[in-house]
Amino acid sequence: MLYKFKSKDAGDLIMLEPNGRRILEVIGKEVGPKGIILPEQMPAAIKALEAAIALEESRDKEAGVTPGEGVGGGLRQRAMPFIDMLQRNYKAGHEVVWGV
């Protein structure tokens with residue numbers, strides 16, 4: 001399964017199921033085939049993703065692992081395009097949707 005995130009102010013963002021699921025779990029959205037992130041939810045979602053990235057990178061550093069090393073790269077690599085999408089749509093007041 002793929003997650004295809006759509007919005008009015010950024011290009012479509014397509015993620016494989018494990019990556020899309022992880023992003024949605026981090027921001028506290030129900031993982032499912034359809035959903036919406038409203039503009040008022042975006043600042044908290046961005047903060048949650050940034051905190052999760054920092055935590056992952058801190059754990060990698062403590063373990064002596066290069067951040068993003070391994071299969072599929074780290075959370076930063078997957079989340080930064082999504083954060084950009086959220087920021088653009090928050091400024092414009094538009095939602096981000098998937099599965100519709």
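The values are calculated or read from the model by the stated rules, or taken from the named source; none is laboratory data. What you see is a predicted model; the values in this text were computed from it and never measured. Glycine gets a Cβ as well: all are built from the backbone with ideal geometry, and neighbour counts include every protein chain shown. For the accessible areas, the whole protein counts, side chains as well, though only heavy atoms, and no ligand, DNA or RNA atoms are used. Shrake-Rupley method; radii C 1.70, N 1.55, O 1.52, S 1.80 Å.
Can you tell me the FRET efficiency between K6 and A44 if r is taken as the Cβ-Cβ distance and R0 is 25 Å, rounded to the nearest 0.05?
On the way: r = 21 Å, r/R0 = 0.82.
It comes to 0.75.
By how many nm would the segment from E30 to L16 grow when fully extended, if each residue of separation counts as 0.36 nm and the alpha-carbon distance is taken off? All intermediate terms of the calculation are to be shown ahead of the outcome.
Details: separation 14, 0.36 × 14 = 5.04 nm, distance 1.65 nm.
Full-extension gain reported as 3.4 nm.
How many Lys pairs in the range 1-69 lie less than 19 angstrom apart by Cα atoms, where the lysines are 8 or more positions apart or on different chains?
6
Once the Cα atoms of helix 17-26 and of the chain are each reduced to a long axis, what angle between those two axes, in degrees from 0 to 90 to the nearest 10, is obtained?
90 degrees
Do any GluC sites (Glu not before Pro) in the range 1-67 lie in a DSSP loop with no more than 11 other beta carbon atoms within 10 Å, and if so, which?
Numbers: sites: E25, E30, E40, E50, E56, E57, E62; in loops: E30.
Counting only loop positions with at most 11 other Cβ atoms within 10 Å, the GluC sites (Glu not before Pro) in the range 1-67 are E30.
With +1 on each Lys and Arg Cβ and -1 on each Asp and Glu Cβ, how big is the dipole of the chain about its Cα centre, in debye rounded to the nearest 20? Don't skip to the answer; put the middle values down first.
Details: 14 positive and 14 negative charges, 53 e Å.
So the dipole magnitude of the chain works out to roughly 260 debye.
So, taking all protein chains as they sit and a 1.4 Å probe, how much accessible area belongs to S58, in Å² rounded to tens?
Spelled out: S58, probe radius 1.4 Å, area about 50 Å².
Which of (i) 2, 10, 11, 14, 13, 11, 12, 13, 9, 4, 1, 0; (ii) 2, 12, 23, 22, 18, 11, 5, 3, 2, 1, 0; (iii) 2, 14, 24, 25, 18, 9, 6, 2, 0 is the computed P(r) over Cα pairs in 5 Å bins from 0, in percent for the structure on display?
(iii)
For the chain, with a Gaussian network of springs between Cα atoms less than 10 Å apart, report the residue from G64, G74, G28 with the top mean-square fluctuation.
With Cα springs under 10 Å in the chain, the top fluctuation among G64, G74, G28 is at G64.
Would you look at the GNM of the chain, springs on alpha carbons closer than 10 Å, and say which of A63, A54, A45 moves the most?
So, out of A63, A54, A45, the one fluctuating most is A63.
Against the longest alpha carbon principal axis of the chain, how many degrees, from 0 to 90 and to the nearest 10, is the axis of helix 42-63 turned?
On a 0 to 90 degree scale, this one is about 10.
Taking θ as phi - 60°, what are the ³J(HN,Hα) couplings along the range 89-100 by the Karplus curve (6.51, -1.76, 1.60), each to the nearest whole Hz, with x for Gly and Pro?
Each residue of the range 89-100 in turn: 6, 5, 4, 8, x, 10, 7, 10, 10, 9, x, 10 Hz.
For the chain, what does the relative contact order come out to in percent, with C-alpha contacts under 8 Å and a separation of six or more? Display every interim value, and only then the final one.
Values: 122 pairs, mean separation 44.3, N = 100.
Relative contact order of the chain: 44 percent.
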